[in-house]
Each structure stands twice: as structure tokens, then as C-alpha cells.
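Notes follow once the structure below has been shown.
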Amino acid sequence: MKCLILLLSGALLSAQTLSLTFDDGPDLKALGPVQASAQNEAILGALREARLHATFFVAGGRVDSPEGWALVRAWGEAGHGVANHTYSHPYLPSTPLDRYQADILRNDALLRPLPGFVALFRFPYLKEGKTSAQRDGMRAFLAAQGYRNGAVSIDASDWYFDQRYRAWRAQHPTADPAPFRRAYLGHLLDRAKYYESLAQRLGYWGMKHTLLLHHNAINAAFLPDLIRHFREHGWTFVDAQEAFRDPVFQLQPEVLPAGESLLWSLAKVRGVQGLRYPAEDAVYEKATLEALGY
Ligand SMILES: [Zn+2]
């Protein structure tokens, strides 16, 4: 009996599977080449150490210099996927479709020759269209270009934690970051559990998740801890390209506005009540961080 329970709990634990995806790219103009390179190396080093392959959704405008493209190239050479996130990171709901699509093609021309290129596209801000014309126009365009949607299943506000972390670090350069790290990892795990519970509620048992992270300072600082924290809580990592082969990522929910986490959209189509909108935003995390004194 005890054996059976152990087996069952092992099966349940191993059913929690995720992969890592990173968006945007180091902002060369803001960081400068030395700091951008250090951030790149910290993230790549943590992935190498953990023997994981991620997918990097590059917004070309952030890295459009010889130094910047060398940083992106390092991802492909290390076996990671290099994918499209538009050139200038436009907001689809207020951008004409032809301009938005031209921006994707501009980025495509820069990315396609690089090692590791994969024809996956991630919508900036996870906004996939406000109207059916935008949503369906984009789906037809991506299919015609041979692209698939590089959707997110676990959406968490790492970008907001990053803003607060950098502001705190600037004020407290020598302070112990452990309490901040705990808050950040707790937040990510909480969001992962939420989206895993949504997946189970929708019947996608054992699906392979894609976690949305950004190429930023907080992940450069805490990625080894992040990976360890998820493993300690029973999560198994797979390569991002393997996760994108999960059949869930073939689904294209008929929802408006379209986008956010794929699971959030699927839940909305099914009429699941109590979903927060926008799915993730600073407003939800502001109070938590302020209560901790950050
Ligand atoms: Zn982005």
C-alpha cells in the first residue's frame, strides 16, 4: 500500500512539467554592451548548468547592433531556440495589421540566418487581437509565413518584479537579496500552480507548460534558484521545443480579445468563472511587494 501511495504521488509530482522561455532581449541602449553581455552570460550559464534548453523570443530592435546580435547568436550556438517577437515590440490592438506584420517580417529577416532559429512567434504583451479581423488576420498571416504561435501557458509578472528589484538594488547595493528572492520565487511557483490547476480543470493532465520570463536583471540574478525551487517542489523541466510540441499548443481558442495565457483563453472559451483580467499585471503584485518593504 505504502508503495502504491509512493508510486502515485511520484506520478502526480512528475506530471508537473514546465519549460523556460525568455522574451525581448537585453536592451543594449539602456544597459550598454558590458552589462548586457553579463546578463546574457548569467542566464545562459544557469541554463547550461541545469542542462536545459530554452527558447528566446527576440525583439530585434533591442539588440540591433553587432554586439547585440552576438549575444543572440550565443543562444543558438548553445542549443537554445531563437524565435520572433517582432522588431519594435508594437501593441497589436492599436497598430494597423499591415504595419504589425511588416515589423514581424523585418525581424524574421534578421533572425532566420542565425543558429537555433525556429519559426515560432510570440505576441508582445500577449495581445493576439482585439477584433476578429485582427485575430484571424494574424492567424492566417502566421500560417502563410510558416510560423506557429509560441504561446505562453504560465504567465507571471516577472517584468514587474524586475522593475522593483532594480529600483531596490540601486538603493541597497550591498543588502542581502534573500528576502526579495523568496518573494519572487514564491510568486512564480504560485502562478505555475494556478495555471497547472487551470490545465487540470480543462482536462489537460500532464501538459508541458511554457513559463514566460524576460531577459532581465532579476532572472540573471536568480535563475539558478528559480530552477532549483521548482525542482524542489516536484516540477520537472523539459526543453522548450519539446513543450511546444504538446498538442495543447496547437489549439487556437476563439476568444476576444485574443491572447494572454493560452490556458486563460481556453478557460474563457469554456466559460470558467473568476478569471482575472488582464491575466497578469502589476496591480496584482504591487501590494505584496510593498508589504514586504520593496
Ligand atoms: Zn515582450
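Just for segment 26-40: of the residues that are open to solvent by 60 Å² or more (accessible area, probe 1.4 Å) and of a type outside the set (Gly, Ala, Ser), which one is farthest from the ligand (Cβ to nearest atom)?
Val34
Please work out which one of (1) closer than 22 Å to Leu31 by Cα; (2) open to solvent by 40 Å² or more (accessible area, probe 1.4 Å) is the condition Ile43 fails and give its number.
(2)
For segment 59-80, name all the residues that are open to solvent by less than 20 Å² (accessible area, probe 1.4 Å), outside any helix (DSSP H, G or I) and more than 16 Å from the ligand (Cβ to nearest atom).
Answer for segment 59-80, where residues must be open to solvent by less than 20 Å² (accessible area, probe 1.4 Å), outside any helix (DSSP H, G or I) and more than 16 Å from the ligand (Cβ to nearest atom): just His80.
If Tyr204 satisfies every condition in (1) within 16 Å of the ligand (Cβ to nearest atom); (2) open to solvent by 30 Å² or more (accessible area, probe 1.4 Å) but one, which is the exception?
Just one mismatch for Tyr204, condition (1).
For segment 115-137, which residues satisfy the criterion of being assigned to a helix (DSSP H, G or I) and either open to solvent by 40 Å² or more (accessible area, probe 1.4 Å) or away from the ligand (no atom under 16 Å from the Cβ) (or both)?
Scanning segment 115-137 gives Tyr125, Ser132, Ala133, Gln134, Arg135, Asp136, Gly137.
Which of (1) touching a residue at least 60 places away in the same chain (Cβ under 8 Å); (2) open to solvent by less than 40 Å² (accessible area, probe 1.4 Å); (3) part of a loop (DSSP other than H, G, I, E, B); (4) more than 30 Å from Arg48 (Cβ to Cβ) does Leu256 not meet, given it meets every other one?
All conditions pass for Leu256, except number (2).
List every residue pair whose Cβ atoms lie under 8 Å apart, where the two residues are 6 or more positions apart in sequence or sit on different chains, the first residue falls within segment 271-294 and is at pLDDT 80 or above, and the second residue, located anywhere, is part of a loop (DSSP other than H, G, I, E, B) and exposed (fewer than 13 other Cβ atoms within 10 Å of the Cβ).
Final answer for the pair search is Tyr284/Arg276.
Which residues, taken from segment 146-184, are of a type outside the set (Ser, Thr, Tyr) and in contact with a Lys or Arg (Cβ under 9 Å, 6 or more places away or on another chain)?
Hits for segment 146-184 are Asn149, Gly150, Ala151, Val152, Ile154, Asp155, Ala156, Arg164, Ala175, Pro177, Phe180.
For (1) aliphatic (A, V, I, L, M); (2) under 16 Å from Ala240 (Cβ atoms); (3) at pLDDT 95 or above, each residue gets a yes or a no:
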| site | (1), (2), (3) |
| --- | --- |
| Ala46 | yes, yes, yes |
| Arg51 | no, yes, yes |
| Phe57 | no, yes, yes |
| Gly60 | no, no, yes |
| Gly68 | no, no, yes |
| Ala74 | yes, no, yes |
| His80 | no, yes, yes |
| Ala83 | yes, yes, yes |
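Would you mind finding the one in Leu223, Leu213, Leu189 that is among the hydrophobic types (A, V, I, L, M, F, W, C), touching a Phe, Trp or Tyr at 6+ places or on another chain (Cβ under 8 Å) and in a helix (DSSP H, G or I)?
When all the criteria are applied, what remains is Leu189.
Kindly indicate the residue of segment 88-114 that is open to solvent by less than 40 Å² (accessible area, probe 1.4 Å) and part of a loop (DSSP other than H, G, I, E, B) and also farthest from the ligand (Cβ to nearest atom) among those meeting that condition.
Leu114
The values are calculated or read from the model by the stated rules, or taken from the named source; none is laboratory data. All of these numbers come straight from a predicted model, not from anything done at the bench. Cβ coordinates were reconstructed from backbone atoms using ideal geometry, including for glycine residues, and neighbour counts include every protein chain displayed. We work out accessible area using only protein heavy atoms, side chains counted, and drop any ligands, DNA or RNA first. Shrake-Rupley method; radii C 1.70, N 1.55, O 1.52, S 1.80 Å.
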